[in-house]
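Notes follow once the structure below has been shown.
The values are calculated or read from the model by the stated rules, or taken from the named source; none is laboratory data. Nothing here was measured: the structure is a model prediction, and the numbers come from that model. All Cβ positions, glycine included, derive from the backbone under ideal geometry; neighbour counts span all protein chains shown. Side chains are part of the model used for accessible areas, which takes the heavy atoms of the whole protein and leaves out ligands, DNA and RNA. Shrake-Rupley method; radii C 1.70, N 1.55, O 1.52, S 1.80 Å.
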Amino acid sequence: MSGEERYTIGELARRTGLSVKTLRYYADQGIVPPTDRSPAGYRRFGPDAVARLELVRTLRDLGVDLASIRRVVDREVPLHEVAAAHAEALAVQIRVLRQRQAVLATVSRRGAGPEELDLLHRLARLSGQERRRLVADFLDAVFDGLAATPAYPGVMRSLTPELPDEPDIEQVRAWVELAELAQDPDFRAGMRRLVRGYAADHDVPGLPRPDAVAVVRDGVASALAAGLDPTAPEADPVVAAVTGRYAHLTGRPDDADLRQRLLTRLDAANDSRRDRYLDLLSVINGWSTGGGVAPAVDWFSRALRARMPSPAR
């Protein structure tokens, strides 16, 4: 044999580890064409066929289709363009797989039936525009009539989920659950009561200030950690400190009316679903979680009720 070395299809199979059948197919498709034929008519391949097949195998392992591979090895298109296109296609597939995993995991955890499965699947598949519409509908229901209040922009931002373009599986799971919760009429009504109370407490001159829930959470943290009985006399200073601070922030006297006002605010906030919404929101937006407030609100509500005057008969 003169000039460059030639390989039979069997020799090329041994060098590359590919089957003879696969090599014949690649040759027939023009992906790795033979250099020439032997006097007996058998296909023969030059030294560059080995390197070409290594590229073909790598691209196939990465899921690139044969039509695109042929265009690359024939130098009709640059490799980086094909890689970019397939990377984007894979990204779409990954997003779909994350959505499916999130739905199936949620259904498994809840023991859900066919109707709930269908709902969760539809929520996971919403487009970006559809997600924004769902969130806007929820926030409109919660904040209806409150757009002119000073606290409105900040509070609305603090309750707005923004699922990233490339969410991880936990963010998808959180979105599915939050979207379901946001469509619950009872939850919407509770959040509306809570937001209206927050707006009323902030309808006073001055800088932004903590709301009733934040005042309670901070004020009872030590008592709650110590396991203090909210109805015990030892809780009196805790209650007085919280009501005193709330009175100062709202510009009202610390009297029975203020304490009833505070209880009304806390009743609206004492919903474990509120804590769950905020936890899910933190996962979706990549925020750190501040912990639930329901235990603190429950403790103080019991403490305050124990110290309220009995209704007159």
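Structural descriptor for the chain: relative contact order 14 percent, calculated from alpha carbon pairs under 8 angstrom and at least 6 residues apart. Quick check: from the Cα gyration tensor, does the chain come out rounded (a/c under 1.5), prolate or oblate? Verdict is prolate for the chain.
Assigning unit charges at the beta carbon (Lys, Arg +1; Asp, Glu -1) and nothing else, what dipole magnitude in debye, to the nearest 20, does the chain show about its Cα centre?
Dipole of the chain, to the nearest 20 debye: 620 debye.
Every Cα-Cα pair in segment 120-251 was counted, and those over 24 Å apart are 48% of them.
Can you give the angle from 0 to 90° between the axis of helix 185-201 and the longest principal axis of the chain, with both taken from C-alpha atoms, to the nearest 10? Tilt relative to the chain: about 60 degrees. Note that segment 66-79 has calculated 3J(HN,Hα) couplings of 5, 4, 5, 4, 4, 5, 6, 5, 8, 6, 7, 9, x, 4 Hz, one per residue in order, obtained from phi through the Karplus relation 6.51 cos²θ - 1.76 cosθ + 1.60 (θ = phi - 60°); glycine and proline are x. Backbone geometry of segment 35-40 corresponds, through the Karplus equation with coefficients 6.51, -1.76 and 1.60 at θ = phi - 60°, to 3J(HN,Hα) couplings of 6, 7, 10, 6, x, 7 Hz, x marking Gly and Pro.
With protein chains left intact and a 1.4 Å probe, residues in the chain average 57 Å² of accessible area per residue. Against the main long axis of the alpha-carbon atoms of the chain, helix 256-269 sits at an angle near 20°. For the chain, adding -39500 (n - 2.57) for each run of n ≥ 4 DSSP H residues and dividing by the number of residues yields -21500 deg cm²/dmol at 222 nm. Using the alpha-carbon positions of segment 1-70, Rg (one decimal) and Dmax (whole number) come out as 12.0, 38 Å.
In degrees from 0 to 90, rounded to the nearest 10, what is the angle of the helix 169-182 Cα long axis to the longest principal axis of the chain? It works out to around 40 degrees. Residues whose amide H falls under 5 Å from that of Val32, counting only those 5 or more places apart or on a different chain, are Ala27, with hydrogens built in the peptide plane.
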